[in-house]
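Nothing in this text is a laboratory measurement; each read-out follows from the coordinates by a stated rule. Remember, it's a predicted structure, so these values are computed and weren't measured experimentally. Please note: Cβ atoms are built from the backbone with ideal geometry, for glycine as well, and neighbour counts cover all protein chains shown.
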Amino acid sequence: MLKIIERFTNEPEWRAKVFDETAVAQWKTVTLARKAFRNISDKAFDFCIAELCDKAGKNVDIDSVAVLDTELAVIKSDDLISEELRQELIEGVKVLENYEEWRPSPSNMVLDLVDPSLYSLMYGRSRVLPNKTISVENCLQHCGKGGIIRAPPYSGSGGNRHWSRKFQWLPSEVGFTDDGVKVLSYINNLHPKTHANLYTVAEKYIAKAVPIWNQVLSNFGLADHGRSLRIYPRSFSGRRPEPMEYSEWMPVNLTSMNLREKFPQGLQVIVQLVNIHLTPENPRYEGGQNRVEGMLNEHICSTLLYDYDCENITASYLEFYQMISHDALEEVIENMCDSKCTSRLYDGRAIGFPNVQQHRITPFKLAGRTKPGHRKILALFLVDPSQRVLSTANVPPQQRDWWAQAVRMERTGKLSQLPAELFNNVMENVDFPSSLTEAKTQREESRTERKGHERSVDSRLTFSAKNSRPPARYFPEAAQESMSFLTEVN
């Protein structure tokens, strides 16, 4: 039934068609003829239509809809981003695509444009300003300043392998304005002056993401359906129970989240831009690994993915493992269970989800084998606003080339007066900020750690509603410890 809801909400004008008896009859004929839906009864189909009618009247302003919603929900929207704003991003990233920072692989398929694993916070190496914060405007003046931060101790539960004591992605501070948001601290690996136009674009996208995150976090946890469970015997003798009426099951007590009102001090957001390029020589992308975004010490609570430019590729999906509470079904089954569900990726579609859902991009290939194709993705990761982490407001830029450029343009310091050859020699031999070579080495170490984290999370992991809190808040005591190290630097 989840799959039926997902399929129907991919239909153009579905909000109107769901009230059109002719359109619904056609949907029913086509759907029930498919092998995958042969066990769907007429009553189950009617339940789906009733649920669609309910969804059709919600979030019309941004044309978003909750799908795959059991205890959690995936929010998708095809009209969240205007064509004008989409083109702004396409044009803005072209300068980044010239650097060709390919992810290590024999096929050179994945191109990292803005990678949060590059120049991330490294305990025992990165410098932190313990008693002040920096802005987008003055961050370059603080390159190389601050004290070296040591790794905080881990005192949570759930396994050290999921909590990095080496690295942390650095979010940007984002403040609310009357008509949107403002990026208050630099976006890691996006130069605040050279790429100033992309900061403006990023602000527009983050502002668009906020209502999606509101919906994601509002749908977190099992809603109160206002009735007790209907208990069935363990054996059904080959008969499937009929669903109840949708009006009996409709959620009645969903808690509404408003990030602007609840967290007026602002948000922390991590930005990532990545391209996947296919060629006639390498025509197939094998898909990603099941993952929950980030390490636990990064406290990512929700993700928004936006496919802003897709060309000459076959259909692809974002695959989720759907969580079902053991507590809600303990009278019927003995173990938690889950099901694999997918949401289709489209050019121009935005998808938001809580960061306790394992997910992966499924394989795709060239639609036409004689010419190249690509998928270009913007990812925005929301840090749990109640568990703030070290950000680019605390950690000055670590890029040596940014620092060298800023020093050269200063023209008043002694270093800026050196001849070019001597100046470059000095820049190459300073210990900090870090060189690109060192940063890439650290990135590979970080990626290795993250891959181990992903592999260790069982591919059929589920979360019990009994233990569910707003997504990233599993280890609040450890989060508070990590923030206390703002004043414990050498």
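Worth a mention:
- Backbone HN-Hα couplings from phi across the range 346-360 [Karplus 6.51/-1.76/1.60, Hz, Gly and Pro as x]: 10, 4, x, 8, 10, 10, x, 7, x, 8, 10, 9, 5, 8, 7
- Treating r as the C-beta distance of ASN98 and LYS43 and R0 as 51 Å, the FRET efficiency rounds to 0.30.
- Calculated from backbone phi, Karplus (6.51, -1.76, 1.60) coupling profile of the range 397-405 in Hz, x at Gly/Pro: x, 9, 7, 5, 5, 5, 5, 4, 5
- Using a Förster distance of 35 Å, the FRET efficiency for ASP20-ASP347 (Cβ separation, nearest 0.05): 0.85
- The range 1-154: relative contact order in percent, alpha carbon pairs under 8 Å with at least 6 residues between: 14 percent
- Rounded to whole Hz, the Karplus (6.51, -1.76, 1.60) HN-Hα couplings of the range 133-139, x for glycine and proline: 10, 10, 10, 4, 6, 10, 4
- One chain, two ends: ALA151 and GLU281. Fully extended at 0.36 nm per residue, the span grows by 42.4 nm beyond their Cα-Cα distance.
- Charge sum, other residues only, whose C-beta stays under 12 Å from LEU170's C-beta, Lys/Arg counted +1 and Asp/Glu -1: -3
- Annotation: amide H-H contacts under 5 Å for PHE364 (H modelled 1.01 Å from N, sequence separation of 5 or more, or interchain): TYR285, GLY287.
- Over 26 Å apart at the Cα level, from the set LYS3/LYS371; LYS204/LYS365; LYS182/LYS262, are LYS3/LYS371; LYS204/LYS365.
- Net charge of neighbours whose Cβ lies under 13 Å from the Cβ of GLU97, counting Lys and Arg as +1 and Asp and Glu as -1: -3
- Neighbourhood charge, 11 Å Cβ-Cβ cut-off, centred on PRO396 and excluding it, Lys, Arg +1 and Asp, Glu -1: +3
- Remark: PHE263, PHE353, PHE8 ranked as PHE263, PHE8, PHE353, counting other beta-carbon atoms within 10 Å and listing the fewest first.
- Relative contact order [Cα under 8 Å, 6+ residues apart], the range 81-176, whole percent: 25 percent
- Ordering of 93-99, 143-149, 265-271, 295-301 by packing [mean C-beta count within 10 Å, highest first]: 295-301, 265-271, 143-149, 93-99
- Here the peptides 371-383, 390-402 are ranked by packing, the mean other Cβ count within 10 Å, and the order with the highest first is 390-402, 371-383.
- Each residue, ALA33 and SER105, gets one label point 7 Å from its Cα in the Cβ direction; the gap between the two is 3.8 nm.
- FRET efficiency estimate (nearest 0.05) - Cβ-Cβ, VAL60 to VAL274, R0 45 angstrom: 0.90
- Amide hydrogen proximity for GLY348: with H placed 1.01 Å from N in the peptide plane, the residues at 5 or more positions away or on another chain lying under 5 Å are ASP307, TYR308, ASP309.
- Residues whose amide H lies under 5 Å from that of LEU184, counting only those 5 or more places away or on a different chain, are GLU173, VAL174, GLY175; hydrogens are built 1.01 Å from N in the peptide plane.
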